[in-house]
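One structure is given below, encoded as structure tokens.
The values are calculated or read from the model by the stated rules, or taken from the named source; none is laboratory data. What you see is a predicted model; the values in this text were computed from it and never measured. With ideal geometry, Cβ positions are generated from the backbone for all residues, glycine too; neighbour counts draw on all protein chains shown. Areas reflect the complete protein model, heavy atoms only, side chains present, ligands, DNA and RNA absent. Shrake-Rupley method; radii C 1.70, N 1.55, O 1.52, S 1.80 Å.
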Amino acid sequence: MKKYQSIKGFYDVLPEKQKYWRFFYETAYQVLDRFAYDEIKLPIVENTDLYIHSVGEQTDIVEKEMYSWQDNLNNDKLTLRPEGTAGCVRAVIENNLTYNGPIRLFYQGPMFRHENVQKGRQRQFNQLGIEAFGFSEPLLDAEVICLLDSLWKNLGLKNIELQINNIGDPEERAVYRQELIKYFESHQDELDEDAKRRLYTNPMRILDSKNPKMQGLIDKAPKFLDQNSAESAKHFEQVTQYLDQSNIAYKINKNLVRGLDYYNRTVFEFVTSDLGSQGTIAGGGRFDYLIQSINGKEIPAFGVGIGIERIILLLEELNNSSFDIKPQVYVLSLGENVDNYAFNISNQLRNSNISVCMNVGKNSFKSQMKKADKSGAQFAIIIGDNEVNNDSVQIKLLRQELSQEEINKKDIVHFITQHAS
């Protein structure tokens with residue numbers, strides 16, 4: 001018989017790992033609510049043209065990482081989303097979401113890229129995207145960064161560094177692009193194959209190379225931050241002033257460019273030293289001209305994508321017992337005719353917002369007590385024939401040295417509420 005396995009780069013999240021995902025999402029939603037962001041749900045399939053136009057034809061994503069195909073029904077060229085911003089922009093335009101003014105949005109879900117599988121880097125991966133439309137002010141840039149800083153603190157994450165840069169506006173970058181080409185042309189014998197491929201299509205991406213042999217050459221390359229316009233320089237200065245005011249530490253990384261064509265002015269990444277080479281856990285920036293390039297409307301925007309798998313790896317290292325998802329009560333049933341009574345007691349508790357794991361099956365008392373202890377429950381409710389006849393239960397606090405107590409079934413909820421830790 002054929003043995004089926006998950007496809008390379010596509011993976012299962014097993015129950016013992018779900019506690020980290022759940023903690024992340026619950027924490028993220030709380031922080032997003034505090035910053036007044038609204039959720040939007042987006043499809044995982046878009047027209048291929050959308051990504052070519054927005055992400056950039058010469059980017060790694062479009063050139064070699066997208067999962068694309070031609071739909072047999074109507075010959076549309078379709079793509080599984082490799083990132084979230086393009087689809088969010090399409091939704092904003094299609095549904096005229098900025099009709100009544102600026103809007104703050106977030107979304108979450110799977111993205112797909114055909115790339116080398118590494119720790120924290122899969123072909124199906126999950127992102128939380130945060131996008132704000134209609135804001136040109138540097139205050140918005142700082143607000144999004146403050147939101148992320150708050151998220152890391154609420155998650156309990158350490159050793160995270162904010163790196164930030166100003167890559168100016170398209171006209172400035174066009175001039176800078178020629179300077180980079182001229183510089184790297186004069187050092188062609190020092191370029192690796194990837195840099196040679198990018199030299200005339202996307203030379204700014206050479207600055208983002210992780211090849212150690214390229215670092216000396218990159219360090220001596222012209223820096224955009226040293227020569228941008230007074231307007232974009234002022235914008236960046238104000239962003240950093242807001243960060244200083246918020247006591248958020250940052251490092252100006254003049255080689256930080258981000259890998260997508262639509263960025264301008266502020267770009268940033270949050271990186272950690274705890275994940276090796278896959279240290280970027282969130283990255284984004286300003287994309288003021290993307291909507292204009294698609295439908296002609298001038299709507300400034302700013303956004304960030306958070307790599308959830310990498311956050312989960314960091315949460316696993318914390319090994320925090322508070323992440324565990326445990327029932328409050330484990331119901332044990334002993335006897336031939338107690339199942340119906342135990343079932344009703346379990347539902348009574350669940351209807352009072354008390355989580356219950358009910359034993360199913362005719363196991364010994366010792367076996368059921370082992371299961372109750374292993375479940376992590378605070379209370380064991382023990383039901384036998386006597387309890388059914390007396391309209392009561394035996395209740396035991398599993399995490400405290402207290403004796404077993406018999407109480408009437410109408411008092412169970414009150415007892416648990418009073419003794420819950």
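Checking every one of the chymotrypsin sites (Phe, Trp or Tyr not before Pro) in the range 98-137 against DSSP loop status and a limit of 10 other Cβ atoms within 10 Å picks out Tyr99.
Protein heavy-atom accessible surface, 1.4 Å probe, per residue over the range 326-419: 56 Å². Please work out whether the range 1-92 counts as rounded, prolate or oblate from its C-alpha gyration tensor, where a ≥ b ≥ c are the square roots of the eigenvalues and a/c under 1.5 means rounded, while otherwise a/b larger than b/c means prolate and anything else oblate? It comes out oblate by the Cα gyration axes.
Spacing of the modelled spin labels on Ala249 and Gln70, each 7 Å from Cα toward Cβ, amounts to 5.5 nm. The structure-derived value of Rg/Rh (Cα atoms, Kirkwood Rh) appears in the list (1) 1.10; (2) 0.96; (3) 1.03 under the label (1). For the chain, a Gaussian network of Cα nodes joined below 10 Å ranks Met214, Met66, Met369 by mean-square fluctuation, and the top entry is Met369. For the range 326-419, the fraction of 1.4 Å probe accessible surface lying on carbon and sulfur atoms is 46 percent. Assign one of three labels to the range 326-419, namely rounded, prolate or oblate, based on the Cα gyration tensor with a ≥ b ≥ c the square roots of its eigenvalues; rounded applies when a/c is under 1.5, prolate when it is not and a/b is larger than b/c, and oblate otherwise. In terms of gyration-tensor shape, rounded.
Bridging of Lys119 to aspartates and glutamates at a Cα separation below 13 Å is possible for Asp274, Glu309, once same-chain residues fewer than 8 apart are set aside. Note on exposure: Thr27, Thr417 ranked by accessible area (1.4 Å probe, complete protein assembly) read Thr417, Thr27, with the most exposed listed first.
When you filter the GluC sites (Glu not before Pro) in the range 326-421 for DSSP loop state and at most 10 other Cβ atoms inside 10 Å of their Cβ, you are left with Glu336, Glu401. Full extension of the chain between Asn154 and Lys297 yields a length gain of 47.8 nm, computed as 0.36 nm times the residue separation minus the alpha carbon distance. Expressed as a whole percent, the accessible area of the range 1-78 that falls on carbon and sulfur atoms is 50 (1.4 Å probe). The residues of the range 16-174 expose on average 46 square angstrom of accessible surface per residue, using a 1.4 Å probe on protein heavy atoms.
Taking every DSSP beta bridge that has both ends in the range 326-419, the antiparallel portion is near 50%.
Of the trypsin sites (Lys or Arg not before Pro) found in the range 134-180, the ones in coil according to DSSP and having at most 14 other Cβ atoms within 10 Å of their Cβ are Lys158.
With the whole protein complex present, His414 retains an accessible surface near 120 Å², based on a 1.4 Å probe. Using the Cβ-Cβ distance between Asp391 and Lys370 with R0 set to 30 Å, the FRET efficiency from 1/(1 + (r/R0)^6) comes to roughly 0.60. Using just its DSSP H runs of length 4 or more, each adding -39500 (n - 2.57), the chain gives a mean residue ellipticity at 222 nm of -11000 deg cm²/dmol after division by all residues. By its C-alpha gyration tensor, with a ≥ b ≥ c as the square roots of the eigenvalues, how is the range 371-421 shaped: rounded for a/c under 1.5, else prolate for a/b larger than b/c, else oblate? Verdict is oblate for the range 371-421.
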